1. Between B:361, B:39, B:12, which gets the highest mean-square fluctuation from a Gaussian network model of chain B, Cα cutoff 10 Å?
2. For a test of the definition: using alpha carbon positions, the gyration tensor, and the 1.5 limit on a/c, classify chain B as rounded, prolate or oblate.
3. Using a 10 Å cut-off on Cβ to Cβ distances, tally the other chain neighbours for every residue of A:328-339 and report the average as a whole number.
4. Compute the acute angle (0 to 90°) between the alpha-carbon long axis of helix B:344-375 and the principal axis of greatest extent of the alpha-carbon atoms of chain B; round to the nearest 10°.
5. Return one number: the angle in degrees, 0 to 90 and rounded to the nearest 10, between the long axis of the Cα atoms of helix B:301-314 and the longest principal axis of the Cα atoms of chain B.
6. Among B:47-59, B:19-31, B:168-180, how do they line up from the highest to the lowest mean number of other beta-carbon atoms within 10 Å?
7. Given only helices, namely DSSP H runs of n ≥ 4 each adding -39500 (n - 2.57), what is the per-residue ellipticity at 222 nm of chain B, to the nearest 500 deg cm²/dmol?
8. May I ask for the equivalent-ellipsoid semi-axes of region A:83-151, computed as the square root of five times each C-alpha gyration tensor eigenvalue and listed largest first in whole Å?
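What follows is calculated from the coordinates using simple rules that are stated; it is not laboratory data. Predicted, not measured: the structure shown is a model, and the values here were computed from it. Using ideal geometry, Cβ is built from the backbone for each residue, glycine included, and neighbour counts are taken over all protein chains shown.
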């Protein structure tokens, strides 16, 4: 080594500024200084600007009376505080996201499986569905539902009657609201007890099958146990549940349970839109399962439904889960489009708060914290689920 | 040998012709195809019937609404108002100029047409794999074309009258916003991706933070920040154009998504390529520019195009800060008293959806095409 080094001519490579370590440290120090200076500059500008406009910083405004009212799932009045309003908006975002996720997943699964159907017509319909919805902005889907479909429904006077006291009109979907009686908690307890019993049966059946190899219809038995016990208690306690019927007044419907047009628009549009993406994810997941698996499953005598349920889907899930998680995140972020139809989600409420108070920085901070938090929660949940179903290799 | 000649005695040789067997079941033609693809089993048949009924229930009213019954030509809204159950294409026709150019002044619209032409001349050769001068084409697409267009469209030079960005709108503005987002997201996305893969911890974590924050929040909030917070962040008195603010927000957002796509490509380049480049004595930037990026970008072209599709669809959100791209121009025209009828929103939205669809579908086909083209090398 020493002999080789001795023969070398000291060149530009040996200068201190070409030393990788010194370089990397210098670059990073410069970067830190630049970032700090930039943030400091922005901070200085912002405080000056806010001071000039007479806007106080900080989250004190959250405790003030809002003075506006919006329809959300939490009951609100114009006396509610800004903080409470934002909380109501947050709840709306979560409810719409969850409902859209459920609809999109079910519809997406159907579409994805249909795209692989051996039936030409079903395959084609699914393909048209996917290619149509994947290539238009979600905002158009939302506006179309809101301005063209729901607005075209008849007005309340000639609402479409879907059943006794269930009606559909351009003011929303009206149905009776269940009112819990004083003894309802007994039914609830009975339901939980029956669930535990059903689970015990299932556990026993599994243990027996492991021991003796004999099967037992634990699913049907469990269902029977749950239905019989819950329904029995329901009848025995005597009228634990009554319904508050929607009452038609001259221009509106009061009471009962209402799904507002805005809410319906949001979850239907996002569900239908995202289903096209989930359909493609499901399709690619199923195609990733090797054909030998399907053939082997058929060879041991499983029917095509069983092949799909017991062999193909569990393996496809491993491929499906990661992109599915990011689709769920997209749904959550797309709920912010609610602003366009006036559904009071977190962004729409934040916009309402931002205008009178001028607290734009704080509101944007709240948005960012909430959406980032929700992203992290969904990622963690999906990672956990992914780890659970991951292939256990020898 | 001669014994064998008396064939009459050979019991295993057939004495008379076999009866003709029926021809094999046809495997080609309409009926066999239908049996294989539509009526394979009882369940299949039920599915087919359900599909036909469903299709008819949707297609027949849709065709009646949009084609056969639709009002294609009408001088005023009266005809449309009298037939609220069919599409009013006359409304779209009457507002077409606005949908394409926004409120860009009539005598200056040729400038927008030149912009469309230049865009086609830059983008189409870039998309054709065998077209020559790729490197120059890319530079033209990212630097020269945006610069030339900004002078052309804003004006104020070479005797062109100045056109305020406030009057820009329609499909033209949608293309401007998405093009700027695309052109900016490539270089910045590559830089962010390289930063994220850097071994310097501060560079790495800074890039991770930028990318993850942008990807974690909805575009609407990014646009709010660009529209409302940006003026607060700048020194008092410094104020810049609303459109520029929107472009800033969209570019930032697109760059973060692009960074993740490019990172996928960087990870897919085999390690030997890095090692080989280093052993040749190339430094980091030379290695990245000559060896790594050409391979990484080629691998992820489908992903890049998919990001472009997402970006193109997302431009519909810039209406949040009062910028009137195609969709919001269409929405604004709903309240136009000359054309406002019950069927106007559905017709206008269908038109907007078709325009978006044509662009996005073209891009998605292109993405599929490159995917297939790139896969050739891996085919066995």
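1. B:12
2. oblate
3. Other-chain Cβ atoms within 10 Å of each residue's Cβ, averaged: 3.
4. 60
5. That works out to roughly 50 degrees.
6. B:168-180, B:47-59, B:19-31
7. Here the helix-only value at 222 nm equals -19500 deg cm²/dmol.
8. Values: eigenvalues 197, 51, 15 Å².
After diagonalising the Cα gyration tensor, the semi-axes are 31, 16, 9 Å.
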